[in-house]
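Chemist: Structure incoming, see below.
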Amino acid sequence: MKSQSKTVVITGASSGIGLALAGAYLQRGDNVVGNARSTERLQEAAASLGSPANFLGVAGDVADPAVGDALIKQAVERFGQVDVLINNAGIFNAKPFVEYTQAEVEALVNTNLKGFFYPSQAAARHMVARKSGHIINITASIALQPNQSVPAVLPVLIKGGINQATKALALELAPHNIQVTAVAPGIVDTPLYTKDMHGFLNTLQPAGRIGTTREIVDAVLYLSDANFTTGIVLPVDGGMSSGKW
Ligand SMILES: NC(=O)c1ccc[n+]([C@@H]2O[C@H](COP(=O)([O-])OP(=O)(O)OC[C@H]3O[C@@H](n4cnc5c(N)ncnc54)[C@H](OP(=O)(O)O)[C@@H]3O)[C@@H](O)[C@H]2O)c1
């Protein structure tokens with residue numbers, strides 16, 4: 001039986017996992033509010049999805065609290081409510097600890113940390129009033145099990161913090177019938193990585209290959225329909241975080 005259509009807000013919807021998520025929800029007949037920094041990139045994304053009427057692009061930097069508010073406000077104005085927020089916008093840079101620049105620290109804190117915090121706050125205010133909703137964070141498997149071959153303290157610090165914040169927020173919002181979960185991808189085939197990097201990246205998963213955006217999408221779709229599942233971090237990583245191999 002087809003469940004009632006949802007309204008899903010996705011940050012970082014112009015590329016990679018976010019674009020694949022937008023396509024999957026639209027295919028189910030759900031409404032999607034997609035965010036990225038520029039209107040042009042969102043227009044390109046909408047065109048690649050077939051310019052559907054139930055897609056609304058809202059441009060802006062997720063680090064800006066006003067953008068979180070605008071995403072929820074415009075979603076409500078256009079579609080009546082927000083059922084799911086997916087905090088997907090994010091950047092990743094792996095390098096030795098001592099080489100991170102101040103600009104890189106600022107960029108990661110802005111996009112990955114504030115980009116989780118402010119949209120989630122705006123969504124939680126709306127969802128508490130509705131007594132219903134789901135917040136899903138896209139984190140990273142490497143934050144569950146750091147790897148000596150991939151020094152990445154800065155993204156691990158922030159994605160790892162969001163993994164824990166997922167649990168803390170799930171507890172806080174459970175009495176309001178709001179679920180908070182995370183999907184922790186291993187390495188996924190997106191524009192984040194060039195094809196010439198795939199040979200090395202394949203070796204980072206026990207499965208011997210990197211993942212597909214569809215494999216991340218399937219986990220998110222499951223969680224957004226799972227109303228009695230909250231506070232979990234679901235690795236989708238070919239075994240990367242299961243132990244040493
Ligand atoms: N790919 C992987 O192997 C992998 C592994 C683990 C975790 N992840 C996580 O999965 C998520 C998606 O990654 P991806 O591989 O799909 O990356 P991607 O292809 O580079 O896409 C990133 C998206 O985020 C948007 N974005 C970046 N900074 C933003 C900002 N400040 N405000 C609003 N939007 C912003 C980009 O849009 P514009 O550039 O158009 O603004 C783009 O739509 C990230 O959180 C990443 O850390 C990915």
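The values are calculated or read from the model by the stated rules, or taken from the named source; none is laboratory data. All values reported here derive from a predicted model rather than from experimental measurement. Here the Cβ positions follow ideal geometry from the backbone for every residue, glycine too, while neighbour counts run over all protein chains shown. Accessible surface areas use protein heavy atoms only, side chains included; no ligands, DNA or RNA. Shrake-Rupley method; radii C 1.70, N 1.55, O 1.52, S 1.80 Å.
Chemist: Amide H neighbours of Val180 under 5 Å, counting only residues 5+ apart in sequence or on other chains, H built in-plane at 1.01 Å?
Modeler: Here the answer is Ile135, Gly231, since their amide H atoms fall under 5 Å of that of Val180.
Chemist: On to the next question. Tell me which of Ala24, Trp245, Gln102 sits at the most positive position along the dipole axis of the chain, charges placed on C-beta atoms (Lys, Arg +1; Asp, Glu -1).
Modeler: Ala24
Chemist: Compute the long axis of helix 115-130 from its Cα atoms, compare it with the longest principal axis of the Cα atoms of the chain, and write down the angle in degrees, 0 to 90, nearest 10.
Modeler: The angle comes out at about 30 degrees.
Chemist: How far apart, in nm, are the 7 Å Cα→Cβ label points at Thr203 and Phe228?
Modeler: Going from the Thr203 label point to the Phe228 one covers 4.5 nm.
Chemist: Connecting C-alpha atoms closer than 10 Å in a GNM of the chain, tell me which of Leu234, Leu157, Leu113 has the biggest fluctuation.
Modeler: Leu157
Chemist: Could you grab the relative contact order for the chain? Cα pairs under 8 Å, six or more apart, rounded to a whole percent.
Modeler: Contact order relative to length: 18 percent.
Chemist: For the chain, find the longest principal axis of its Cα atoms and tell me its angle to the long axis of helix 153-173, 0 to 90°, nearest 10.
Modeler: 40 degrees
Chemist: Hey, what angle do you get for helix 65-79 against the long axis of the chain, alpha-carbon based, 0 to 90 degrees rounded to 10?
Modeler: Compared with the principal axis, the helix lies near 50 degrees.
Chemist: First measure r as the distance between the Cβ atoms of Phe97 and Lys131, then evaluate 1/(1 + (r/R0)^6) with R0 = 51 Å and state the FRET efficiency to the nearest 0.05.
Modeler: For Phe97 and Lys131, the calculated efficiency is 0.70.
Chemist: Ignoring ligands, DNA and RNA, what percent of the 1.4 Å accessible area of the chain is carbon and sulfur?
Modeler: The C+S portion of the solvent-accessible surface of the chain is 56 percent.
Chemist: Give me the mean projected area, in nm² to one decimal, of the convex hull enclosing the Cα positions of region 1-48.
Modeler: So the Cα hull casts an average projection of 3.2 nm².
Chemist: Which whole-number value in Å² is the accessible area per residue of the chain, probe 1.4 Å?
Modeler: With all protein chains present, the chain gives 47 Å² per residue.
Chemist: As a test of the definition: which semi-axes, in Å, follow for region 7-237 when you take the square root of five times each eigenvalue of its alpha carbon gyration tensor? Largest first, please.
Modeler: Computed over region 7-237, the values are 26, 20, 18 Å.
Chemist: Let me spell out the model: positive unit charges on the Cβ of Lys and Arg, negative unit charges on the Cβ of Asp and Glu, origin at the Cα centre of the chain. What dipole size does that give, in debye rounded to 20?
Modeler: 440 debye
Chemist: As a test of the formula, what do you get for the chain when each DSSP H run with n ≥ 4 contributes -39,500 (n - 2.57) and the sum is divided by the residue count, at 222 nm and rounded to the nearest 500 deg cm²/dmol?
Modeler: -12500 deg cm²/dmol
Chemist: Beyond a 32 Å Cα-Cα separation, which of these cross-linked pairs lie in this structure: Lys6/Lys244; Lys167/Lys244; Lys73/Lys95; Lys73/Lys167?
Modeler: Long pairs (Cα-Cα over 32 Å): Lys6/Lys244; Lys73/Lys95.
Chemist: When all C-alpha to C-alpha distances in region 138-245 are sorted into bins of 10 Å, what percent of pairs does each bin hold, rounded to whole numbers?
Modeler: 15, 43, 31, 10, 1
Chemist: Let's test the formula: R0 of 30 Å, r as the Cβ-Cβ distance of Leu192 and Trp245. What FRET efficiency results, to the nearest 0.05?
Modeler: 0.85
Chemist: While we're on this one: Considering the dipole of region 1-83 built from charges on the beta carbon (Lys and Arg +1, Asp and Glu -1) around the Cα centre, which of Ala53, Gln74, Ile10 is farthest to its positive end?
Modeler: Farthest towards the positive end: Ala53.
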